[in-house]
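Asks: First the structure, which I've put down as structure tokens, then a few questions once you've had a look.
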Amino acid sequence: DAGITQSPRHKVTETGTPVTLRCHQTENHRYMYWYRQDPGHGLRLIHYSYGVKDTDKGEVSDGYSVSRSKTEDFLLTLESATSSQTSVYFCAISGLQGGGEYFGAGTRLSVL
Amino acid sequence: GQQLNQSPQSMFIQEGEDVSMNCTSSSIFNTWLWYKQDPGEGPVLLIALYKAGELTSNGRLTAQFGITRKDSFLNISASIPSDVGIYFCAGQTNTGTASKLTFGTGTRLQVTL
């Protein structure tokens, strides 16, 4: 793994509850990304960060927010989880704009 | 959202055979990337291509960046059982603040002895 830790690895929660997923990197990379992976849709970008406190929306950002207060940590928050947010969530990092992205091991989230 | 057309969706091959898969898009990309994903794990970067026409190898893997910048292919020579997994292509575009990846839907490879 490219120095990326996602936590938790598995979570089961109930509809309407808030959920926060954490991505921690030890590579000091500038760019960090959150994706979700669903059957038939592949990997889709939720939000990304291009520096501390600098974030922007991806393709499927509705219902999600992010924060990055330190270079090494990128948090993804589901303010009020819904069943449609049941998915596998991946964090990725990149040191260069235009360079390859390196992925964490993922968090499997089930919203009941 | 935009998706890449990746084919084939799945393939069964015998150990020792060569494998070929490709990815096409209606849009131009600056970079093409190929990833492999094993069950329960995140995608692992195999090859990155940065120039139109570029041909790059990584061991038994060879990939090419299409001249039109709208397609790429990946070849695996002399397949072995550990090649089993899902292979994803990804096209990368640069925005003003960062680069973004668009992924294909994957090719599931299964290797029989």
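Asks: Which of the residues belonging to the range A:89-112 are more than 9 Å from every other protein chain (Cβ to nearest Cβ), in a strand (DSSP E or B), within 28 Å of residue B:30 (Cα to Cα) and of a type outside the set (Phe, Trp, Tyr)?
Replies: Correct list: A:93 only.
Asks: Among A:42, A:16, A:58, A:106, which is of a type in the set (Gly, Ala, Ser) and at negative phi? Explain how you work it out, then say what you get.
Replies: Values: A:42 fails: at negative phi; A:16 fails: at negative phi; A:106 fails: at negative phi.
On inspection, the qualifying residue turns out to be A:58.
Asks: Shifting gears a bit: Name the single residue that is farthest from the other protein chains (Cβ to nearest Cβ) among those in the range B:81-113 being touching a strand residue (DSSP E or B) at 6+ places or on another chain (Cβ under 7 Å) and assigned to a loop (DSSP other than H, G, I, E, B).
Replies: B:84
Asks: Would you confirm whether or not the range A:56-64 contains a residue that is within 9 Å of another protein chain (Cβ to nearest Cβ), assigned to a strand (DSSP E or B) and either at pLDDT 95 or above or surrounded by 15 or more Cβ atoms within 10 Å (Cβ to Cβ) (or both)?
Replies: yes
Asks: Could you please tell me which pairs satisfy a Cβ distance under 8 Å, a separation of 6+ or placement on different chains, a first residue in the range B:53-79 that is in contact (Cβ under 8 Å) with a residue 60 or more places away in the chain, and a second residue that is surrounded by 18 or more Cβ atoms within 10 Å (Cβ to Cβ)?
Replies: B:79/B:19; B:79/B:109; B:79/B:111
Asks: Another question, then. Look at residue B:77 and say whether it is at pLDDT below 90 and of a type outside the set (A, V, I, L, M).
Replies: No.
The values are calculated or read from the model by the stated rules, or taken from the named source; none is laboratory data. Everything quoted here is computed from the prediction, not taken from an experiment. Glycine also receives a Cβ, built like all others from the backbone with ideal geometry; neighbour counts cover every protein chain displayed.
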